[in-house]
Amino acid sequence: MDKFTQHQGVAAPLMQSNIDTDVIIPSREMKRVSKIGLGEGLFANRRYTLPGGREPNPDFVLNKLEYENTSILLSGKNFGCGSSREHAVWALKEYGIKAIIAAGFGSIFYNNCIRNGILPIVLDLIVIESLSAEVQENPQSNQICINLVKQYVESSNGKCHSFDIKPAQKVMLVEGLDAIDVTLKMKDEIFQFQHSYNKDFPWLN
Amino acid sequence: MSNSTAMTLFEKIWQQHQVESLDGDAALIYIDRIFLHERTGSIALKSLASDGRKVVNPEHVFCTMDHIVDTFPGRNDTTLMPSGTDFILATRESCKEAGIRLFDVNDPQQGIVHVISPELGIVQPGCTLVCPDSHTCSQGALGALAWGIGSSEAEHAMATKTLRVNKPKTMNVRFNGSLSKAVTAKDMILHLIGQYGAAGGAGYVIEFSGKAVDELEIEARLTLCNMAVEFSAFSGLIAPDQKTIEYLRGKEHAPSGKNWDAAVSFWNQLYSDKDAEFDSIIEIDCQDICPTITWGTSPQHAIAVTDTVPEPSINGNGKVSESVLRAMHYMQVTPNTKLTDLAIDGAFIGSCTNSRISDLRMAAEVLKGRKVAVGVKAICVPGSTLVKQQAEAEGLDKIFIESGFEWREAGCSMCFYAGGETFGHQKRVVTSTNRNFESRQGPETRSHLASPATVAASAIAGHLADVREFL
């Protein structure tokens, strides 16, 4: 997995609450048993004029010229709620999204982001609304800068906002680690645990 | 002062499964059971195999065909969903290679994962169970710690028998008093989300308790816990009691013989200690709960059936909520409209929320001797093949069919649209499912969430209806 230490890019506002994973990628766009080829289906119901179609809807933020090369999304409360489909994150990643700043996340979606090298950042809604207003004035020049190592978001006017992230998850992103590889280093501990667990709970073995 | 050793039910299960502590409040948690389905499990198995990794305990992994498989009578591997067959074939192949028990398309035990897992006694009190499906929280109803994960996490669980988990905070939602007539577990959870918002449980594992929860049968408890994820909770769970033990007794995968007694004495210790402290507590008076229906595109848009669509709320910045305006436009509803004035085109009974035998009985009681209104397409999809058989043994299928409902094979069906079946563009549907999201049940379909009884009553009336007038 790619390492994530810092990132600067164009941010696009999707300032609603409860943007669910069905919105991020509709079920019908998950066409193959594959993690790739999903970027096209990203936000399909809003991004295209017709269901299943590919004609861009000019009103959708990511289709606007001024938001070209968007790599950061700004949103409201509970982004990525709903279905556990990791396809939502794979689609975002393939599209080029590196980070999402929202007032909260669905917990499965949040973990899926970490697993795929996308940084989910929780800030207060009022802060995100001010970032959104600033970005909208000139999206290409008013880029947002994110520093994961030092845990802050900096807007183009120089204002910094610190954010929290669990240390175990920060390490995974900063070092670009594969969780399975890391866990398998504790194989012996897991084996020993299982051995005594099976004695205590034989009906679960 | 509280006793420092007092623990909540969640903390007991967490501690029993903690292999190692990790940075911060995270831990490596031992996973007892893993469930997969053809939608997201297929990709997890394929990816695991292509990375050259093995499923360490395939005997602890189960898989079902529920999401993509058609529900028409006489179905096979072909699906209305284009490319659906690829998922079915890939799942079958991967399960065979990995040595995983698969509940295949025409297996007599096939069904929706969260229906068959309890039905077969796979989920048990005090165990950890994960599935790449957000409604895995349903299974907490039996006192298990069960939660939804992504496909990558499912690979992790299969390859290591563990997951790296951030410890959630604890919340206790107490439903005080008893439910009124015709009010169900579905109404309880919709009421909760309607009152506290779709993000109200974010960051928490929720223990449901109180007199009304004690009084619920196990199937209804599964409905209650099912929508914990719509409250944005890590999961929901309910302490096992005598009903739980009786429910599991004799089930195929439940403990037997000497193990049964040992398991029961362990299960009897699974409760939150009297002095245990929760990080948050919500109290609900069940007398305040009516049959509840959603008007909008989030489960938090839930109101009593007797209510009208609310005026849009004003945000902290003084603006009308964009999400609410969008929801009203999408659903084509206006403030102050009576819910019961909304005419419907479709009625759906099914899904991991409400497709068990008690749900079908509840709906059949309303439907018996009545006809679905002209112009309403009504469909019932039992949650499992065993539920379907039981319903047929009781003659419920005849009641559904005679009233005008279609009677289907088991699966997730029209709970979500996978490019397959839908009630149609901009059709208004009353549904016993869990998500009223935009286009969830098909492009621009308008979904109103409700209990199976309310769905049945609405199907008869031809508009959203108060089930109490039908009993």
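Spin-label point model (7 Å from Cα, Cβ direction): what's the A:GLU55 to B:GLU394 distance in nm?
It is 5.0 nm.
Specify whether the C-alpha gyration tensor of the protein assembly as shown places it in the rounded, prolate or oblate class, a ≥ b ≥ c being the square roots of the eigenvalues: rounded for a/c under 1.5, otherwise prolate if a/b is larger than b/c and oblate if not.
On the way: a/c = 1.37, a/b = 1.07, b/c = 1.28.
It is rounded, given that a/c, with a ≥ b ≥ c, falls under 1.5.
Would you please state which residues of segment B:137-162 a label at B:LYS251 would reach in this model, taking the label point 7 Å out along Cα→Cβ and a backbone N cut-off of under 11 Å?
B:139-144
Can you give me the angle between helix A:187-200 and the longest principal axis of chain A, using Cα atoms only, in degrees from 0 to 90, rounded to the nearest 10?
The angle comes out near 60 degrees.
Let me understand chain B better: what is its radius of gyration from the alpha carbons, and its Dmax, in angstrom?
When restricted to the Cα atoms of chain B, Rg and Dmax are 21.5, 65 Å.
In degrees, nearest 10, range 0 to 90: what is the angle between the Cα axis of helix A:125-137 and the longest Cα principal axis of chain A?
Orientation of helix A:125-137: about 40 degrees from the principal axis.
So the label point goes 7 Å from the Cα of B:VAL374 along Cα→C-beta, right? Which residues of segment B:439-471 then have their backbone N under 14 Å from it?
The answer is B:462.
Report, by chain and number, residues whose modeled amide H sits under 5 Å from the one on B:ILE282, excluding near sequence neighbours (fewer than 5 apart, same chain).
Close amide H contacts, sequence-distant or interchain: B:ASN172, B:VAL173, B:ARG174.
With a cut-off of at most 11 other beta carbons within 10 Å, and DSSP calling the residue loop, which trypsin sites (Lys or Arg not before Pro) in segment A:4-45 qualify? Please list them. Could you put the intermediate results ahead of the total?
Details: sites: A:ARG28, A:LYS31, A:ARG32, A:LYS35; in loops: A:LYS31, A:ARG32, A:LYS35.
The qualifying sites: there are none.
Counting partner chain Cβ atoms within 10 Å of every residue's Cβ in B:32-41, what's the average? Walk me through the numbers on the way to the answer.
Values: counts 4, 1, 0, 0, 0, 0, 1, 7, 7, 0.
Rounded to a whole number, the mean comes out at 2.
How many percent of DSSP beta bridges within the protein assembly as shown run antiparallel, rounded to 5?
Working: 26 of 82 bridges.
Bridges in the protein assembly as shown are about 30 percent antiparallel.
At q = 0.12, 0.13 Å⁻¹, what base-10 log of I(q)/I(0) does the Debye formula yield for segment B:292-470 when every alpha carbon is treated as an equal point scatterer in vacuo?
Taken in order of the listed q values, log10 I(q)/I(0) reads -0.51, -0.59.
Calculate, in nm to one decimal, what B:ILE314 and B:GLN287 gain on full extension: separation in residues at 0.36 nm each, minus their alpha carbon distance.
Details: separation 27, 0.36 × 27 = 9.72 nm, distance 2.86 nm.
Stretched fully, the B:ILE314-B:GLN287 segment lengthens by 6.9 nm.
Say each of A:ASP124 and A:GLU94 gets a label point 7 Å from the Cα, pointing the same way as Cα to Cβ; how far apart are those two points in nm?
Rounded to a tenth, the inter-label distance reads 3.9 nm.
How big is D for segment A:1-46, in µm² s⁻¹ as a whole number, if Stokes-Einstein is applied with the Kirkwood radius of its Cα pairs at 10 °C and 1.306 mPa s? Please report the intermediate quantities before stating the final value.
On the way: Rh = 13.0 Å.
Using the Kirkwood radius from Cα pairs, D works out to 122 µm²/s.
Report the FRET efficiency, 1/(1 + (r/R0)^6), for B:ASN57 and A:LYS185, where r is their Cβ-Cβ distance and R0 is 22 Å, rounded to 0.05. Please report the intermediate quantities before stating the final value.
On the way: r = 19 Å, r/R0 = 0.88.
E(calc), rounded to 0.05, equals 0.70.
Full extension from B:ASN106 to B:GLU277: what is 0.36 nm times the residue separation minus their Cα-Cα distance, to one decimal in nm? Walk me through the numbers on the way to the answer.
Values: separation 171, 0.36 × 171 = 61.56 nm, distance 4.71 nm.
Full-extension gain reported as 56.8 nm.
So who's got an amide H within less than 5 Å of the one on A:ILE100, skipping anything under 5 residues away but keeping other chains? H placed 1.01 Å off N, in plane.
A:LEU73, A:LEU119, A:ILE121
Could you work out, for segment A:6-176, what percent of all Cα-Cα pairs fall into each 10 Å distance bin, beginning at 0 Å and stopping at the bin that holds the largest distance?
Per 10 Å bin, starting at 0, the Cα pair percentages come out as 11, 41, 38, 11, 1.
Starting from the Cα of A:CYS160, step 7 Å along the direction of its Cβ; do the same at A:LEU177; then give the gap between the two resulting points in nm.
With each label placed 7 Å out from Cα toward Cβ, I get 2.6 nm.
How big is the shadow of the Cα convex hull of segment A:78-145, averaged over all directions, in nm²? Walk me through the numbers before you get to the answer.
Details: hull surface 18.7 nm².
One quarter of the hull surface, i.e. the mean projection, equals 4.7 nm².
Filter chain B for me: DSSP H helices, axial length by Cα at least 30 angstrom, mean Kyte-Doolittle hydropathy not below -1.0. List them by residue number.
On the way: long enough: none.
Sorted by number, there is nothing, because no helix extends far enough and scores high enough.
Which cross-chain or sequence-distant (5 or more) residues have an amide H under 5 Å from the amide H of B:PHE62, H modelled 1.01 Å from N in plane?
Amide H neighbours of B:PHE62, under 5 Å, 5+ apart: B:ILE34, B:PHE35, B:LEU36.
Take the alpha-carbon centre of segment A:132-203, take the same for segment B:245-264, and report the distance between them in whole Å.
Comparing the Cα centres of segment A:132-203 and segment B:245-264, I get a distance of 40 Å.
Give the calculated FRET efficiency between A:ASN63 and A:SER34 to the nearest 0.05, with a Förster radius of 25 Å applied to their Cβ-Cβ distance.
Values: r = 25 Å, r/R0 = 1.01.
About 0.50, to the nearest 0.05.
Laboratory data are not the source of any read-out in this text; all were calculated from the coordinates shown. This is a predicted model, so every value here is computed, not measured. We place every Cβ from the backbone using ideal geometry, glycine too, and count neighbours over all the protein chains shown.
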